[in-house]
Structures are given as C-alpha cells and as structure tokens.
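Following: one structure in structure tokens, then a few remarks.
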Amino acid sequence: MASRVSNSKPGIFIFEAREGKRIVRKVYIVLPLALLFLAYNGVSFAQDSVVEEVAEVVVTATRIRTTITETAASVTVITSEEIQRKNVNTVYELLRTVPGLGVVQNGGVGQPSSVFIRGSKSEDALVLIDGIEVNDPITPGRSFNFAHLSVDNIERIEILRGPAGTLYGSDAMAGVIKIVTKRGEGKPRASISVETGSFRSLRTRFGLIGGNENGYYSLAVSRFDSDGISAASENRGNSEEDAYKNTSLSATAGLSLSEGLEVDLVLRLQDARVEQDDFDFATGLPSDDLDYFSKSEQVFFRVEGQLISDGGGWEQALGFSVARHDRLDRNDPDDAFDFNVWNDTFAGDLLKVDWVNTFYLSIKNTFLFGLETEEENGRTSTLAEKTARTTAAFILEQVDINDRLHVSLGLRTDDHSSFGDETTYSLAPVYTLADSGTKFRAAYGTGFKAPTLFQLFSSYGDPTLDPERSRGWEAGFDQEIAGGAVDLGVTYFFNDFDNLIDFDSAASTYKNLGAVRTEGVEFMTSFRPADNLKLAFNYTLTKTEDDAGQPLVRRPDNKAAFELSRNFDSSGNVDLEVVYIGERDDFDFSTFPASRVELAPYTLVNASATVELGEKITLTGRIENLFDEDYEEVLGYGTAGISGYVGLKAEL
C-alpha cells in the first residue's frame, strides 16, 4: 500500500492511500478551541494540546465519497465512538442533539417516535439502513417509527438536511437519515454486555466481529425488556405501566471475490411488542387502557455487488433490497367505551433494484449515473393488497475548480405508476478561502413525495392524487479560527412545501390542498481545549407556517444542545448532554373543533460514563433526566422522570 500526506490548508491534513485499485482519502482536521476556560485536571489551552481528529468522508450528500470541506449540504455525522460514549439504546436518543432536528415520542420507551427535519413533516425524511429504504409503505404518510431501532452494530449515522429528491427520489423532501452498519476487520472478537436499571429494565447484547483481506463480518443480537411508564401522562391521573419488549439482530458480511470485485450482505431483524394507551373521546386526551398493545416485526435485507475497473476510473454497485413491515394493533374491550375487539393488521413490503455508476473522469471531475426501480405493496385488515411502482434515472456531476470552488449539479426523473413523471434537480457550490480557512457554501434542491398506498387506495383515498413537492435552499459558512483551535458554522435555510396531501373532512377523502413554509438558522461550534476534552454547542431557530398562517404543532422555534466529553486516557470517559426545547403549539382535542395550546419549554440533562475495570471488562453507567424535569413532548402523553442504568461489558 502506497500512501502520502499533504497539508491542504492551515489545520487540515489529507492522508491518501492506495488499496489495490482504490484510492482511500481521509481528512485529519485540527479541531477546537480556546473559547471556553475550563481548568480541570490540568486541562490546558496551549496550542500544543490541540490534537488531530479523523473526519471520515461523507457519502449521503452526493452519493460520492466526499470530504466535509468539499460538501455544500448540511450534514451531521454521528460516529461509532460517540455512540459508544453515550451508552444509549436507540437511534432516536442519538438524534436529540442534532441541529435542525425535532424529536418527539408519544410516551415512554417503545412508544411511537417521530423525527422532523427543519420543521417538516416526519414522513418527509427518508431513512436508509445500508442503502435499504425502511420507511413503512403501509402507514398513512409512509413514515418511519424510530422507537424500535436499536444502536446495535451501527458504525455511523449521517443526517442530511435539505431536499434530496435528485439522488434519493420520493420521501426525501426534507432530508435523509442514513445508517451504516459496521464492517469487521482483524481477528475475531466477541463481546457480551448486560445492563439493568429504572422501570425494571434489562438489556443483554452479544456481538461478534472480524475480517481480513478476503472478507469481513459483524453480528449483534440484543434483547430488551422494560415495565416502562404509562404512555398517558401520570400527571393527568394515569398510573398503568406500559411494558415493552424488543429483540433485534443485525448482521453484515462481505466477500472479496477478486481484485476489484466484492459482494456485501446486510440483514436486520426487529421484533417488538409495546403496551399502549387509548384515546379517551370524553376528555380529548389519552388515558389508561389495560388491554391495548401493538406488535411490530421488521425484516431488512440487501445484497450488493461492487466492481472497480482496472485503474479505478469506474466504480459500479448493483444492489437488491427488501424491506418488510408487519404490525398488529389489538385492543380487547375492558370498559364501557370499548364496543369491539380491535385486531387490525398492517403489512407492507418494498422491493428495490438499484445500479449506481461512478466515473472518475479526472482528479477534479467525477460523474455519477444511476438507475432504480422499486415496487411497494401493502395490505391491512380492511384493505386488499395494493401496489405501486417507481422507476428512476439520475445523474450528478461534481467538479473541483482550482482546489477552491467545488460544484455539484444533479438531475433526476421518476416515473410513478399512478401519477406519471416527476423531475427534480439540485445545485450545490462550495468556495474556500485558502488563507483564512473560510468555507462559503450554498445549496438549492427540489424534492417530491408520491401519494402513499393508503392515500391512493383506502376508503378515504383518491387514485388521481398528484405528488407533494418541495423546493429549498440554504446558504452558510464554516470558519476555522486560531489555526484550527476554533471551528464554527452558520446556516440559513428556507423550504417551501406545496401540493401537500391532507384529509378533507368535508369530502371525506384525501386531496392536494396544503402548503407549508419553513425557514430558520442553524449555528454550530465545537472545540477541544485538550486532547482529552471535547465540547460542542448548537442552536436552531425554526419558523414554520401553514397555508392558514399558523405555526406547525410540536415544532419549537428555539432548540439548543450542549455536549461535553472528557476522556481519562484508557481508563474511561464521562459525557454530559444538555438539550433545551422551547415553547411550541399542540392540539387540544377536548374541544371541537380542536383548539391550540402552548406546551411549556423544558431542559433535559443526561450524563453517561464508562470505566475500564480491566483489559476486557468495562463498567457503564447512565443517568437520564438528571434534574427530574417535568415536561410533555406531546399533549397528554407521559415522559420519564430521573432514571438510572448500570451495565457490564466483557470482551470474550
């Protein structure tokens, strides 16, 4: 393997290595800062204490391996190191601190969980796991429920904010959340961990990982049980505990068949059962229900072949993926208001074939061409199986001009079996001032969302619906200060969603009649006063407005997050996380028509720690809602007070 290191600008070093026919580039960025005085255990702000940190290339923004410095779009990366430090159990918990994201859960652990990107609807975010589209095709809005997605076997998460229809098609009107599973390397390593804590919770995990030049593998299996809290708020007189069970499996494997040819397999299974509370029409709020529960089974599978030509000028990937969702909602009558047994079933499948070609025309010009075809089908206990198909072609060209100006331009056309053709496009320039390290960036893109199977074919559906559409732009800059001691960024964004599909109560059917506008500012800074201490802060201002001039519910105008991570050499670490959520509206259904109420702001403080007890034994601890904040994310639904968890992990 040949390699070289170059100094591209103050504080940034590029490492390039050739592995066979492939050039691997990694960027070492000298981060953070001397803005905050924190004298703890000899922490110093001297320039010598600033360390180099590896920032891997990102792929989500352009589907081309691109460094952060060349990326115009707003992308946040959560690494495996961050996941390990925080000790959380679900992806939902990791997304709380990401700028521009709103995270809402209807109750405690296992209850429905939604993510809003820059004030948009939750179904406007496309969720990918190793290239598998996992949005549920049989939900009314084709959204994804984050409640059951564990962090097991996850290497990194990339969150792209902004319309991404050009590269990802339907469902990416507001952005993309991409999850990447670990690829094993080195000698086989097995691990087992056990964690217990509040609400009589117990989680067990087993992992196996390894690989060599001929292939790799990784496996993670986990089981989680908790008595939970009442999904309906205890402050409103509800006391029944709503239990939760989750079994998850994640496995990946890759085989190098020859030089330049590799095959990858991905499998993720999730089986969950959660007790829920019903909606009380007399009060307009959720209330205890002893017999209401739901079950969810998910199977995600993908096989992909990757071929690199001699010389590395042409890379192609051919993949086939399957996403299957099976849900059951059941409620036995237990009081005077329950007249029937609920036993509703929902089954949805998405099958997809994609072929993506990347041509490295020169060191400064990369061209991407892709073809996709997918079929979604769904059925419920009241709806016979329905199907829709989408076929698409897309291109993107990425050009580097004088090592300062980087431009990507993309175009896509989709053909849907119901409404016909839809075209989307994007333009994203980046300009960097070499002397000051200032990066100016802008992006404009369009997106669309096909009508869902439910909106087209249910008893409330309309098969003549047109797709929803979005357009959005952003502009911002990133700045290094004091030779890389300070790193900060500011972004202004604007999104316009129109032709939205809403339910028309007068006509008792879905129609294209809604419009929404969102805009705001994201501010981010991170800094490292010493090589064992990292601090980060972000703030998001979001303004939303529907076609009636009202703000969207459950979207706060103000959100802020602060994170501190302190490493103690090889003996462990301590993490502190503070999240502030400002005032926001919600609907009160105790009146007819429903009235608006304002939910109070709240601040959550979470802390976690790991301690190395020996070469292969680690003690973990976590405290959530450290100051026992009393709050509601959704009107009438419960949230957990202060809670604690402790665990042990052993390398076998």
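Couple of notes before you dig in:
- Dipole magnitude of region 313-458 about its Cα centre (Cβ charges: Lys, Arg +1; Asp, Glu -1), debye to nearest 20: 640 debye
- Pairwise inverse Cα distances across region 311-429, averaged and inverted, put the Kirkwood hydrodynamic radius at 18.1 Å.
- Sum of side-chain charges, Lys295 neighbourhood, beta-carbon under 12 Å (Lys, Arg +1; Asp, Glu -1): -2
- Neighbour-count order for Arg622, Arg142, Arg404, fewest beta carbons within 10 angstrom listed first: Arg404, Arg622, Arg142
- With the charge dipole of region 507-549 set up from +1 on Lys and Arg Cβ and -1 on Asp and Glu Cβ about the Cα centre, the Cα lying farthest toward the positive end among the listed residues Asn538, Ala515, Phe527 is that of Phe527.
- Once the chain from Ser571 to Val611 is taken as fully extended at 0.36 nm per residue, the excess over their C-alpha distance is 13.8 nm.
- Interatomic Cα distance distribution for region 491-626, bins of 10 angstrom, percent: 10, 25, 25, 18, 13, 7, 1
- Quotient of the Cα radius of gyration of the chain and 2.2 N^0.38 Å, N being its number of residues: 0.95.
- Student exercise, the chain dipole from Lys, Arg, Asp, Glu Cβ charges, in Debye to nearest 20: 2240 debye
- Of the three principal axes defined by the Cα atoms of region 160-279, the extents in descending order read 65, 41, 19 Å.
- Farthest toward the positive end of the dipole of the chain, out of Leu328, Ile617, Val127, is the Cα of Ile617, where the dipole comes from beta carbon charges about the Cα centre.
- Placing a pseudo-label 7 Å from each Cα along the Cα-to-Cβ vector at Thr204 and Phe367 gives an inter-label distance of 5.6 nm.
- Share of Cα-Cα pairs in region 408-526 lying beyond 26 Å, as whole percent: 42 percent
- Each of Asp547, Asp421 was scored by other Cβ atoms within 10 Å of its Cβ. Listed from fewest to most, they are Asp421, Asp547.
- Straight-distance candidates among the lysines for linking to Lys182, with alpha-carbon spacing under 28 Å and chain neighbours fewer than 8 residues away dropped: Lys21, Lys26, Lys86, Lys245, Lys295, Lys352, Lys534, Lys616, Lys649.
- In a fully extended conformation the segment linking Thr423 and Ser590 would gain 55.8 nm over its present Cα-Cα distance, using 0.36 nm per residue.
- Residues Ser239 and Glu155, FRET efficiency given R0 of 45 Å [Cβ-Cβ distance, rounded to 0.05]: 0.65
- Distance from region 564-624 to region 421-459 (C-alpha centre basis), Å: 30 Å
- In region 3-651, a dipole from Cβ-located charges (positive for Lys and Arg, negative for Asp and Glu) runs towards its positive end, and of Phe568, Ser250, Ala282 it is Phe568 whose Cα lies farthest in that direction.
- By the count of neighbouring beta-carbon atoms within 10 Å, fewest first, Met173, Met524 end up ordered Met524, Met173.
- GluC sites (Glu not before Pro) within region 164-245: DSSP coil, no more than 11 neighbouring Cβ in 10 Å: Glu213
- Those residues of region 421-445 whose amide nitrogen sits under 13 Å from the label point placed on Phe494, 7 Å along Cα→Cβ: 443-445
- Under the convention that each Lys and Arg Cβ holds +1 and each Asp and Glu Cβ holds -1, the size of the dipole of region 96-159 around its Cα centre is about 300 debye.
- Modelled spin-label separation between Ala548 and Ile642, with each label point placed 7 Å from Cα along the Cα-to-Cβ direction: 4.2 nm.
- With 0.36 nm allotted per residue and the present C-alpha distance subtracted, the Val353-Phe627 stretch has 93.7 nm of extension available.
- Sparse packing (at most 15 other Cβ atoms within 10 Å of the Cβ) combined with a DSSP loop state is found for the following GluC sites (Glu not before Pro) in region 347-387: Glu385.
- FRET efficiency for the pair Glu598 and Glu259, taken as 1/(1 + (r/R0)^6) with r the Cβ-Cβ distance and R0 = 45 Å, rounds to 0.10.
- Structure-based [θ]222 nm, the chain - -39500 (n - 2.57) summed over DSSP H runs of at least 4, per residue, nearest 500: -500 deg cm²/dmol
Bear in mind that the values in this text are calculations on the coordinates, not laboratory data. These numbers were taken from a predicted model, which means no experiment stands behind them. With ideal geometry, Cβ positions are generated from the backbone for all residues, glycine too; neighbour counts draw on all protein chains shown.
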